[in-house]
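Below: one structure, written as structure tokens.
The values are calculated or read from the model by the stated rules, or taken from the named source; none is laboratory data. What you are looking at is a predicted structure, and each value in this text was computed from that prediction instead of being measured. All Cβ positions, even for glycine, are placed from backbone atoms using ideal geometry, and neighbour counts span all protein chains on display.
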């Protein structure tokens with residue numbers, strides 16, 4: 001399990017990389033704070049800690065210029081992938097905060113509203129050790145429906161309507177999943193799970209395409225044998241051809257997510273050094289293969305793409321006719 005602080009003893013080449021002498025006191029403080037909280041564990045309980053992750057009547061917001069939202073499909077087809085992803089939280093946050101100290105993260109678990117008890121779970125934005133508490137509050141149910149769809153679109157509606165990032169310049173939304181989304185957003189599901197009232201069903205593709213105007217969106221796709229082509233085609237239409245990234249190893253998902261952000265922030269050289277210091281050559285090659293088509297450093301700001309400022313109250317609401 002990855003630890004908070006600058007401990008690299010478990011890395012393949014621990015002397016090949018450091019977080020920088022200026023960050024050493026900061027990382028030391030993180031390690032001390034983590035020690036006072038006791039061992040990190042994301043063992044699944046009977047359900048989520050709803051006071052931290054229930055989306056009903058909730059809006060999440062951050063003043064960060066660099067918010068990153070990470071969502072994980074928590075249904076049965078994802079197997080043990082969520083646990084492997086959660087385990088790498090310190091590595092993820094400490095690396096991204098090296099590149100942009102003001103970065104804040106929000107986490108989500110996505111299920112199937114037709115079959116699961118908690119199909120949308122969303123944490124507030126946060127940073128540092130508080131993120132451990134947010135992850136512990138989430139509960140991947142391991143359920144899901146019988147088809148090849150999960151309720152990604154219901155979660156997308158929440159992000160469009162209930163996520164405020166008024167200062168965002170380089171916001172990311174990264175989903176880790178393996179199936180399609182439903183084509184329509186069901187008003188009954190929206191009211192039951194999120195608390196909003198809609199006059200009718202919404203087109204899911206339109207909601208996703210609105211989100212692409214606010215966030216740099218990527219789907220990290222776990223293979224789904226027999227259906228990969230149709231699943232990939234739907235997501236490419238929703239978020240863009242270069243934004244659907246195949247990932248074949250659960251232990252490499254966070255590496256790929258970090259690499260995407262590093263590449264877009266112009267920090268890919270540092271990321272490559274970080275990765276090579278931690279992993280064997282085969283693992284490095286797998287990550288680089290997934291990242292090969294990710295666009296280079298972003299030019300300008302996401303603010304220029306929308307009216308208002310990246311999710312401010314000026315953004316057009318889907319709930320209004």
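A few remarks follow.
- Residue within the stretch 25-32 that is touching a strand residue (DSSP E or B) at 6+ places or on another chain (Cβ under 7 Å) and either at pLDDT 90 or above or closer than 27 Å to residue 164 by Cα (or both) present: no
- Counting the residues of the stretch 53-91 that are part of a loop (DSSP other than H, G, I, E, B), at pLDDT below 95 and surrounded by fewer than 23 Cβ atoms within 10 Å (Cβ to Cβ) gives 3.
- Annotation note: of 300, 311, the sole residue that is modelled with pLDDT under 95, touching a strand residue (DSSP E or B) at 6+ places or on another chain (Cβ under 6 Å), in a loop (DSSP other than H, G, I, E, B) and within 25 Å of residue 104 (Cβ to Cβ) is 311.
- Selected residue [surrounded by fewer than 20 Cβ atoms within 10 Å (Cβ to Cβ) and in contact (Cβ under 8 Å) with a residue 60 or more places away in the chain] from 152, 99: 99
- Qualifying residue in the stretch 208-223 (condition: within 23 Å of residue 251 (Cα to Cα) and out of contact with any helix residue (DSSP H, G or I) (no Cβ under 9 Å at 6 or more places or on another chain)): yes
- Lone unmet requirement of (1) in contact (Cβ under 8 Å) with a residue 40 or more places away in the chain; (2) assigned to a helix (DSSP H, G or I); (3) buried (at least 16 other Cβ atoms within 10 Å of the Cβ) for residue 242: (3)
- Test: residue in the stretch 176-189 that is part of a helix (DSSP H, G or I), under 26 Å from residue 64 (Cα atoms) and touching a helix residue (DSSP H, G or I) at 6+ places or on another chain (Cβ under 7 Å): no
- Of all residues in the stretch 190-211, those satisfying the criterion of being surrounded by 17 or more Cβ atoms within 10 Å (Cβ to Cβ), in contact with a strand residue (DSSP E or B) (Cβ under 9 Å, 6 or more places away or on another chain) and outside any helix (DSSP H, G or I) are 198, 202.
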